[in-house]
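What follows is calculated from the coordinates using simple rules that are stated; it is not laboratory data. These figures come from a predicted structure and were not determined experimentally. Counting neighbours? That spans all protein chains shown, and the Cβs are built from the backbone with ideal geometry, glycine included.
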Ligand SMILES: [Zn+2]
């Protein structure tokens, strides 16, 4: 059995001051055919899964390109066309194939193409032919279009947020696609439009129980696969919002009924799933006064993982105003400051301008007298089994005692090793401030005395009811109170 695979992924915040081009893909992750590392990345876990099948003699694998750009702004139109054509040419050269497996994110929007993944899957279908089985994996923070569903046989989505199960989702996509290609199953995809845009962390109820139920439905054989698309509120897509995907073995009516039941249950969670959000000053004051540290504060909306720059200084300024000293920030995107620190060298003292450079919404730059504690080329942090590049980094200490990790590859905060790899004794600090909405939680929670969430206004469009969407034609909560029609009294 001949199987082609490729991975093209990013998450586009169409409201971001940033823009994304080919350099952003090169800088984050770009592996030409055959050069994918042994370890998976968030959206390319299908590669190692397929290599294991090849090693077992099950398939003949033809690898295409795998690439990922850190979430950012609108993708340059020529960059998108280049990546699309690169993968399609590789597939054309690999024909005939029995199956195609694509590791996608699902929220990529380019200048001139609102549904990049739908366009890609449709083109793959046209090349591979109606008999080939096409499996795709998505991040739940994506836009599920009809074009994607019509042209795919298998769709799997990470169930967990934080996405601790991306390896399992890649494995499931491979497994189901190969079983379909062998004729062992006849997958039918049923989708229910939940008509809701909310933030749905799965570490706690009600989402924890919902994910456990999806897993139980798969284990019991009720469905081949059950997934929830959460939606990505920072993308101006006509397909914005939550959707349920059920893949049944030939049971169109049963799959649709299950998708509807799960979808209306998910809809009933609206407005109840977000973590408690504090203001910047309140979060910092509570953390500083806590009996023991480290208290981890997530600056939830200045999260590069959501496509914003990650150089907001609002929390930093607030900490300075409060006179906090036993505190470390990780990380602030500031390639210019990193360059200056590398030029100055470890141990040097300088007057450094930090952050606040990419928009007028993330606070003014902060000017501090600092000592350069550490400079590091090509620093990394971990995210589960994957290694995340942070680019050249520097650690500075202000005269007031604050430590700040500066990075040159935009990256959200995934793991305490972003501090410890650079010599910052994170477990010993009273307060750690990270830029992440939820992904930090998996690795930081075990070492944290407490986790707090701070909501700081910035360039991220954090309130769907107020966001200036231009492409929506469907009614969605919270813009519309009852998008499914009149709801029964509760
Ligand atoms: Zn996501």
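Numerical summary
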read-out	value
Shape of the range 277-454, Cα gyration tensor, a/c cut at 1.5	rounded
Crossing angle, helix 116-128 versus the chain [Cα axis fit, 0-90 degrees, rounded to tens]	30 degrees
Gain on full stretching of the segment that runs from residue 367 to residue 93 - 0.36 nm per residue minus C-alpha separation	93.2 nm
Overall form of the range 42-166 per C-alpha gyration tensor (a/c, 1.5; a/b vs b/c)	oblate
Principal-axis tilt of helix 77-94 within the chain, Cα atoms, nearest 10 degrees	40 degrees
For 208, 397, order by how many other beta-carbon atoms lie within 10 Å, fewest first	208, 397
Whether the range 2-267 is rounded, prolate or oblate, judged on the alpha carbon gyration tensor where a/c under 1.5 counts as rounded	oblate
The range 444-473-the range 362-439 distance, computed between alpha-carbon centres (Å)	21 Å
Förster-model FRET efficiency, 22 Å R0, residue 55 and residue 216, C-beta, rounded to 0.05	0.10
Burial ordering of 364, 403, fewest other beta-carbon atoms within 10 Å first	364, 403
Mean-position separation - Cα centroids, the range 150-173 and the range 317-357, in angstrom	38 Å
For the range 236-304 and the range 17-90, distance of Cα centres in Å	27 Å
Label point at residue 2 placed 7 Å out along Cα→Cβ; residues across the range 80-99 whose backbone nitrogen lies under 12 Å	91-99
Residue order, fewest to most surrounding Cβ atoms within 10 angstrom, among 377, 159, 147	377, 147, 159
Spin-label zone in the range 383-407 - amide nitrogen under 18 Å from a point set 7 Å from the Cα of residue 377 along the C-beta vector	389-395, 407
Burial ranking of peptide ranges 135-144, 58-67 (average Cβ count within 10 Å, highest at the top)	135-144, 58-67
Tilt relative to the chain, helix 207-219 - C-alpha long axis, 0 to 90 degrees, to 10	30 degrees
Computed over the chain: relative contact order in percent, which uses C-alpha pairs under 8 Å that are six or more apart	16 percent
Helix-only CD estimate at 222 nm, as mean residue ellipticity for the chain, using -39500 (n - 2.57) per DSSP H run (n ≥ 4)	-8500 deg cm²/dmol
Percentage relative contact order, the range 277-454, counting C-alpha pairs under 8 Å, at least six apart	35 percent
